[in-house]
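K.L.:
Before we start, here is the structure in question, set down as structure tokens.
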Amino acid sequence: MERKIDVTNPATGEIIDSVQMHSESEIRTAINKGANAFFNWSKTNAHKRAQLLKNWAQVVMNHKQELANLMTLENGKPLKESLGEVDYSVDYLEWYAEEAKRIYGRTIPANDGSKRIIVTKEPIGLVAAITPWNFPAAMMARKAAPALAAGCTFIVKPASETPLTGMKFIELAHEAGIPKDVIQYVNGKGSDIGSIFTESEAVRKITFTGSTAVGKSLIKNSANTVKHVTMELGGHAPLIVAKDADLDLAAKQAVASKFRNAGQTCVCANRIIVHEDVVNTFTEKFIQEVEKLKVGNGLDDGTDIGPIINKQGFEKITDQIKDAIEKGATAKIGNSFETNESEGYFFIQPTVLTEVTTDMTIMHEETFGPVAPILTFSTAEEAVELANSTPFGLAAYFFTSDYRLGTYLHDHLKFGIIGWNDGGPSAAHAPFGGMKESGLGREGGIEGIEPYLETKYMSIGGLSFNG
Ligand code: SIN
């Protein structure tokens, strides 16, 4: 029996397409094809691989508007953010096209004149990726580009909520000349495909972006075959506003960080921690910015905040708001919803909570929604303690013009990504990733290709030459 996944538009609940779920044997066949294609691809000249990645980037740009429309239809994000995500994805393709040519080895001076020590890098083999619904293009590009640049073959399972953008990206990779078996996709239930990937000896690496709970189980299940893993997991980003901060800048950047993709990113500011002397002024400025945000269908002109991806996401967010209010928080703006459960859409007005305390769920769990809790601190030590009191360590932000305080915060915050007076630090040329339970490894930058490479060392002996 042919099984299908219906893809719905989260702004209307309408089914926009259905995709075929691959059977277990089809997934195993795809794995075999990827493993068999590895030899030729890994031996393809790095300059040729670079050119093919550049071709892919070009073909994607030729389809930019179409891809962005598709992304908004299946994910709900405003069209301007989808267009930005296509650019962001192309940045990864272009960056790693260049890095393909810079996979350097080295020689090490030996302690014996008759020896020479040479270190080289090799691609690790077939990579399996599982990508999330919140960035259906960029998270795939951020994994596929370094994998292909390194000489690995690649197979991806896109999120079931948003498979169409990823599938289209891969079709465009083939159109750009990348061999079909070098980059493939499979669709189906995440847990089933995850198990097939982790059990397979042919898959040498798993790379995943998604929840910490799923990441932990993928790490555990990869142990039997000792696979390489890269994990980009949950976040709970603090955003600290010091008393000397430029409050206009802080308010604008806090809005940009908090409400990107309706608050549905791993790096969204999740806890806004403001010095007690400036909390009233900051909150006023922040609310003035929040009032400008227009909630609606991402395809409509002027929309800043699209729908929540599904009912489960909506309930998690609204439970956090309810819990905070029951424990004494005040909703200064928002806390109103436009939903139609039978049709299947859920919108949340951007919500700002004040009088927030550390016993509230929102202070401990990732929200993944457009809710900004504001709480106060009095000393830098207290701000750091509040910020670090989480098992997560992905992104943290702070706003200050004092270089000593900024340096102190940088040195004491246990997070992999820091934005100092910057609410949008993500970039293809910088290493993205978290500490603690936010993940393992980095994606982007020169660090992002290393996880796709093995190091091989060779000692050559008997080199004494007597003339
Ligand atoms: C994410 O939310 O997982 C990624 C966001 C980014 O790359 O900026």
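Residue-by-condition table, conditions (1) touching a residue at least 60 places away in the same chain (Cβ under 8 Å); (2) outside the structural domain of F286 (by TED's automatic domain parsing); (3) more than 15 Å from the ligand (Cβ to nearest atom):
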site: F346; (1), (2), (3): yes, no, yes
site: P350; (1), (2), (3): yes, no, yes
site: A372; (1), (2), (3): yes, no, yes
site: A383; (1), (2), (3): yes, no, yes
site: F392; (1), (2), (3): yes, no, no
site: T407; (1), (2), (3): no, no, yes
site: D411; (1), (2), (3): no, no, yes
site: A428; (1), (2), (3): yes, yes, no
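K.L.:
Quick check, is K77 part of a loop (DSSP other than H, G, I, E, B) and either open to solvent by 60 Å² or more (accessible area, probe 1.4 Å) or closer than 17 Å to A137 by Cα (or both)? Break it down into steps so the answer makes sense when it comes.
P.N.:
Details: part of a loop (DSSP other than H, G, I, E, B): yes; either open to solvent by 60 Å² or more (accessible area, probe 1.4 Å) or closer than 17 Å to A137 by Cα (or both): yes.
So K77 fits the description; yes.
K.L.:
So how many residues does region 391-439 have that are among the hydrophobic types (A, V, I, L, M, F, W, C) and farther than 22 Å from E85 by Cα?
P.N.:
The number of residues fulfilling the criteria is 9.
K.L.:
Please go through region 101-146 and give me each residue that is under 17 Å from V182 (Cβ atoms) and within 16 Å of the ligand (Cβ to nearest atom), ordered by number.
P.N.:
A129, M140, A141, K143, A144, A145, P146
K.L.:
Something else: Going through region 392-412 one residue at a time, which ones are open to solvent by 10 Å² or more (accessible area, probe 1.4 Å), outside any loop (DSSP other than H, G, I, E, B) and either at pLDDT below 95 or within 23 Å of K252 (Cα to Cα) (or both)?
P.N.:
Hits for region 392-412 are Y403, L405, T407, H410.
K.L.:
Looking only at region 248-264, how many residues end up being away from the ligand (no atom under 16 Å from the Cβ) and crowded, with 20+ Cβ neighbours inside 10 Å?
P.N.:
Result for region 248-264: 2.
So that you can scan it fast, the table gives a plain yes or no per residue for (1) in a loop (DSSP other than H, G, I, E, B); (2) hydroxyl-bearing (S, T, Y); (3) in the same structural domain as T29 (by TED's automatic domain parsing):
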| site | (1), (2), (3) |
| --- | --- |
| E201 | yes, no, yes |
| I206 | no, no, yes |
| I219 | no, no, yes |
| D244 | yes, no, no |
| A250 | no, no, no |
| A256 | no, no, no |
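K.L.:
Scan region 413-423 for residues that are open to solvent by 20 Å² or more (accessible area, probe 1.4 Å) and either free of Cβ contacts under 8 Å to residues at least 12 places away in the same chain or closer than 12 Å to L239 by Cα (or both) and jot them down.
P.N.:
Within region 413-423, I418, W420, N421, D422 meet the criteria.
K.L.:
Here's a follow-up. Can you tell me how many residues in region 197-217 are open to solvent by less than 10 Å² (accessible area, probe 1.4 Å) and either of a type in the set (K, R) or away from the ligand (no atom under 16 Å from the Cβ) (or both)?
P.N.:
Number satisfying all stated conditions: 5.
K.L.:
If you go through region 230-247 one residue at a time, how many are of a type in the set (V, I, T) and either surrounded by fewer than 19 Cβ atoms within 10 Å (Cβ to Cβ) or within 16 Å of the ligand (Cβ to nearest atom) (or both)?
P.N.:
So the count comes out to 1.
K.L.:
Moving to a separate point now. With the structure loaded, tell me whether A387 is part of a helix (DSSP H, G or I), more than 12 Å from the ligand (Cβ to nearest atom) and in contact (Cβ under 8 Å) with a residue 60 or more places away in the chain or whether it fails that test.
P.N.:
So A387 passes the test.
K.L.:
Let me ask another. For region 171-199, name all the residues that are outside any strand (DSSP E or B) and of a type in the set (S, T, Y).
P.N.:
Scanning region 171-199 gives S191, S195, T198.
K.L.:
Quick one: what pairs do we get from region 85-108, first residue over 30 Å from G298 (Cα atoms) and in the same structural domain as S42 (by TED's automatic domain parsing), second open to solvent by less than 50 Å² (accessible area, probe 1.4 Å) and not in a helix (DSSP H, G or I), C-beta under 7 Å, 6+ apart or different chains?
P.N.:
Final answer for the pair search is I103/L453; G105/I118; G105/V119; R106/V119; T107/I117; T107/I118; I108/I117; I108/V119.
K.L.:
Further question: What residue, among those in region 5-57 that are outside any helix (DSSP H, G or I) and among the acidic types (D, E), is surrounded by the most Cβ atoms within 10 Å (Cβ to Cβ)?
P.N.:
In this case the residue turns out to be D17.
K.L.:
Next question, about the same structure. Taking only region 90-115 into account, find how many residues are of a type in the set (D, E, K, R) and modelled with pLDDT under 95. Spell out how you get there, then give the answer.
P.N.:
Here is the first cut: in region 90-115, the ones of a type in the set (D, E, K, R) are 91, 94, 98-99, 101-102, 106, 112, 115.
Retained after the next criterion (residues that are modelled with pLDDT under 95): 112.
Result for region 90-115: 1.
K.L.:
For region 158-168, what are the residues that are crowded, with 24+ Cβ neighbours inside 10 Å and away from the ligand (no atom under 16 Å from the Cβ)?
P.N.:
P163
K.L.:
Out of A144, A128, A68, report the one residue that is without any contact (Cβ under 8 Å) to a residue 24 or more places away in the chain, crowded, with 21+ Cβ neighbours inside 10 Å and not assigned by TED's automatic domain parsing to the domain that holds Q264. Steps first, please.
P.N.:
Numbers: A144 fails: without any contact (Cβ under 8 Å) to a residue 24 or more places away in the chain; A128 fails: without any contact (Cβ under 8 Å) to a residue 24 or more places away in the chain.
One residue alone meets the criteria, A68.
K.L.:
With the requirement that a residue be within 13 Å of the ligand (Cβ to nearest atom) and assigned to a helix (DSSP H, G or I), what does region 430-467 give you?
P.N.:
Our first condition is that a residue be within 13 Å of the ligand (Cβ to nearest atom); within region 430-467, this holds for 430-434, 438-439, 442-445, 448.
Listed by number, the list holds a single entry, G448.
K.L.:
Let me ask something additional. Looking at (1) over 14 Å from the mean Cα position of the chain (by Cα); (2) in a loop (DSSP other than H, G, I, E, B), which is the only condition I240 fails?
P.N.:
Checking I240 against (1) over 14 Å from the mean Cα position of the chain (by Cα); (2) in a loop (DSSP other than H, G, I, E, B), the one that fails is (2).
K.L.:
If you check T376 against the conditions, is it of a type in the set (S, T, N, Q), touching a residue at least 40 places away in the same chain (Cβ under 8 Å) and not in a helix (DSSP H, G or I)?
P.N.:
yes
K.L.:
Considering every residue within region 265-277, establish whether at least one is within 16 Å of the ligand (Cβ to nearest atom) and either part of a helix (DSSP H, G or I) or of a type in the set (V, I, T) (or both).
P.N.:
yes
The values are calculated or read from the model by the stated rules, or taken from the named source; none is laboratory data. On a predicted model such as this, the values are computed, not experimentally measured, just so you know. Reconstructed Cβ throughout: ideal geometry from the backbone, glycine too, with neighbour counts over all protein chains shown. Ligands, DNA and RNA are stripped out before the accessible areas are found, and what is left, the full protein with its side chains, is counted by its heavy atoms. Shrake-Rupley method; radii C 1.70, N 1.55, O 1.52, S 1.80 Å.
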